[in-house]
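J.: Sending over a structure as structure tokens; questions will come in a sec.
Derivation of every value follows stated rules applied to the coordinates shown; laboratory data play no part. Just so we're clear, the structure is a prediction, and the values are computed from it rather than from any experiment. Glycine gets a Cβ as well: all are built from the backbone with ideal geometry, and neighbour counts include every protein chain shown.
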Amino acid sequence: MGIFDFLAKKEKSWDEIDVYEGETPPCPNCGTPLVKKFVYSEMYCLECRYGLDDDDDDDSEALSVYDAAQIWASHGKDEDYMFGYSSEELEAAL
């Protein structure tokens, strides 16, 4: 072992260390094997996007177009306050 051999050793990066190498179950929607990139990440399907869509959305908490239009107008019709609605929808609701 030479004096500079420690420089020749390449350290693994965090994404190489944390990569998930185990088996995954099939997707409940399409049967394709699920993907899990890192040991701490959730599983998802590349074919039907199972696990990637935000299933935690509760439509009962969604902002109505009328409330969104009021907020949008009160902020000078700033596009940051459109809450997923188009400007035409918000204008019609005012």
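J.: Take SER13 and ALA93, extend 7 Å from each Cα along the Cα→Cβ direction, and tell me the distance between the two endpoints in nm.
T.: The two pseudo-label positions are separated by 4.2 nm.
J.: Separate question: With label points built 7 Å along Cα→Cβ from the Cα atoms of GLU23 and TYR40, find their separation and express it in nm.
T.: The two pseudo-label positions are separated by 2.7 nm.
J.: Once the piece of chain linking THR32 and ASP67 is laid out straight, how much longer is it, given 0.36 nm per residue of separation minus the C-alpha distance between them? Provide the component values of the computation, followed by the final result.
T.: Values: separation 35, 0.36 × 35 = 12.60 nm, distance 4.15 nm.
Between THR32 and ASP67, full extension yields 8.5 nm more.
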